[in-house]
């Protein structure tokens with residue numbers, strides 16, 4: 001059932017899921033299918049987490065609609081949705097044909113497949129074929145359970161020493177997809193990049209508003225209870241001080257909701273230190289948790305094209321940069337030296353007629369935004385918008401005059417609407433995954449399905465982690481006396 005805003009809850013649930021990002025949604029659906037009594041609590045007014053959208057009126061009484069997340073995910077999302085959400089959702093995931101890189105080092109287009117990347121490495125970057133093949137074979141042999149022995153920078157140096165242009169071609173799109181940098185373990189790059197290389201890049205045709213509405217219908221069919229406007233303040237445990245304590249309820253304001261298990265789709269560190277409290281964990285575990293690093297955040301600029309106007313077909317994703325060379329610092333610079341444009345054509349949302357939109361996304365540091373005055377904050381947002389408009393004008397001359405709506409989002413925007421610690425777009429760095437997996441050993445019935453470890457981030461990683469955690473919860477619930 002769908003609870004009304006503020007409607008009281010007076011039953012005991014097998015599992016309460018905190019947050020409705022793709023991890024929480026998928027875990028809820030799997031557990032609902034399994035016949036568990038599931039309650040999904042979401043603090044926002046709609047489901048989806050970062051996989052969501054918003055609407056704004058245009059100047060002529062029409063409406064712009066914008067997707068929040070940078071669209072583009074691997075073919076694995078088709079298989080995941082088909083298996084865990086059904087054919088109706090999976091059938092709307094379609095491949096995009098063209099991704100463009102435009103920067104001072106090169107201007108290339110690709111269909112983002114292994115074969116095409118090898119062709120470009122050989123023909124454009126003049127890499128020997130055996131080196132290109134060796135690089136891809138090395139990636140494909142990486143195993144999720146391998147120790148993170150080398151970082152991305154070492155991996156690229158091994159095959160493409162002193163070729164910053166090739167590093168840019170290989171790493172830049174994955175950095176935008178999940179925050180991976182030169183300093184992160186190579187496994188975080190290799191597995192994700194190999195997933196994309198299987199069959200290219202895909203989007204959900206119809207927009208995230210349609211996708212989330214279909215997911216909501218599926219959840220309700222599987223008897224998952226949902227209540228929006230419900231921010232969880234505390235996960236309560238019993239036998240506090242004993243080893244291990246056990247989940248008994250969650251608190252929403254003054255309301256106590258009893259349950260046997262909790263899956264938190266909140267930020268990992270927020271789950272440990274805010275929702276549960278470090279006093280309920282082993283001291284050694286707390287020390288290790290404090291070492292987990294938060295991943296980077298992002299900024300977006302949303303640009304609505306006037307009704308009746310159009311933009312030429314330029315591909316769906318354009319990785320644009322003014323920087324002479326590629327670096328982690330360049331991608332995170334508040335000067336916005338690099339940004340990715342997602343272009344939404346009428347066939348992106350065929351149900352809306354001939355409407356176009358463009359979204360710019362740039363990686364960012366929370367620290368560059370957190371202590372600004374109101375005036376400084378507005379100035380920086382205006383700067384973001386102008387950087388996006390001026391760059392897009394170089395790609396599509398004359399486009400500025402066709403845009404009648406702009407809006408900027410920052411790490412503070414992400415923090416406000418998702419409650420992600422430090423506005424993180426990708427959860428935690430690699431070490432967060434192990435801490436996330438250890439939660440049930442620390443507190444019985446406590447699980448986490450938020451973005452962690454880069455591999456379990458992005459649309460596909462988050463959904464798959466929700467599946468993994470739903471299996472663990474199902475097994476645990478079989479041992480609980482009801």
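None of the figures in this text is laboratory data; all of them are computed from the coordinates on show. Predicted model, so just to flag it, every value in this text is computed and none were measured. Cβ atoms come from the backbone with ideal geometry, glycine included; neighbour counts cover every protein chain shown.
Of note:
- Taking the number of Cβ atoms within 10 Å of each Cβ as an exposure proxy, the fewest-first ranking of 18, 89 is 89, 18.
- Mean ellipticity per residue at 222 nm, deg cm²/dmol - from DSSP H runs of n ≥ 4 across the chain, formula -39500 (n - 2.57): -11500 deg cm²/dmol
- Shape of the stretch 178-315, Cα gyration tensor, a/c cut at 1.5: oblate
- Cα Rg, Dmax, the stretch 366-469, angstrom units: 18.8, 59
- Relative packing of 7-14, 302-309, which averages over residues the other C-beta atoms within 10 Å, highest first: 302-309, 7-14
- For the stretch 99-199: relative contact order, % (alpha-carbon pairs under 8 angstrom, 6 or more apart): 33
- Using bins of 5 Å that start at zero, the share of Cα-Cα pairs per bin across the stretch 99-199 amounts to 2, 12, 25, 28, 22, 8, 2, 0, in whole %.
- With the simple model of a label 7 Å out from the Cα in the direction of the Cβ, residue 115 to residue 256 spans 6.3 nm.
- Residue ranges 270-282, 106-118 sort as 270-282, 106-118 when ordered by packing (mean number of other C-beta atoms within 10 Å per residue, highest first).
- Size-normalised alpha-carbon gyration radius of the chain, reference 2.2 N^0.38 Å: 0.97
- Mean Cα-pair separation over length for the chain, i.e. relative contact order, pairs under 8 Å, 6 or more apart, %: 24
- Using only alpha carbons, the stretch 24-121 has a radius of gyration to Kirkwood radius ratio (Rg to Rh) of 1.09.
- Protection proxy ranking, peptides 469-477, 124-132, 159-167, average beta carbon neighbours within 10 Å, highest first: 469-477, 159-167, 124-132
- Rounded tilt (10° steps) of 129-140 against the dominant C-alpha axis of the chain: 10
- Fewest neighbouring Cβ atoms within 10 Å first, the residues 366, 465 line up as 366, 465.
- Each part reduced to its alpha carbon centroid, the stretch 193-239 and the stretch 93-169 end up 31 Å apart.
- Paramagnetic label zone (point 7 Å from Cα along Cα-to-C-beta, residue 63; backbone N under 16 Å) in the stretch 351-369: 351-357
- Normalising the Debye intensity of the stretch 159-225 to I(0), with uniform scatterers on Cα atoms only, and taking log10 at q = 0.19, 0.21 Å⁻¹ returns -0.84, -0.91.
- Fully extending the segment from residue 10 to residue 55, taken as 0.36 nm per residue of separation minus the present Cα-Cα distance, adds 12.7 nm.
- Distance between modelled label sites at residue 386 and residue 131, nm, 7 Å Cα→Cβ extension: 4.2
- Within the chain, percent of DSSP bridges classed antiparallel, to nearest 5: 70
- Cα-projected label distance for residue 107 with residue 293, points at 7 Å along beta-carbon direction, nm: 3.6
- Three-way shape call for the stretch 261-368 based on the alpha-carbon gyration tensor, with the a/c threshold at 1.5: oblate
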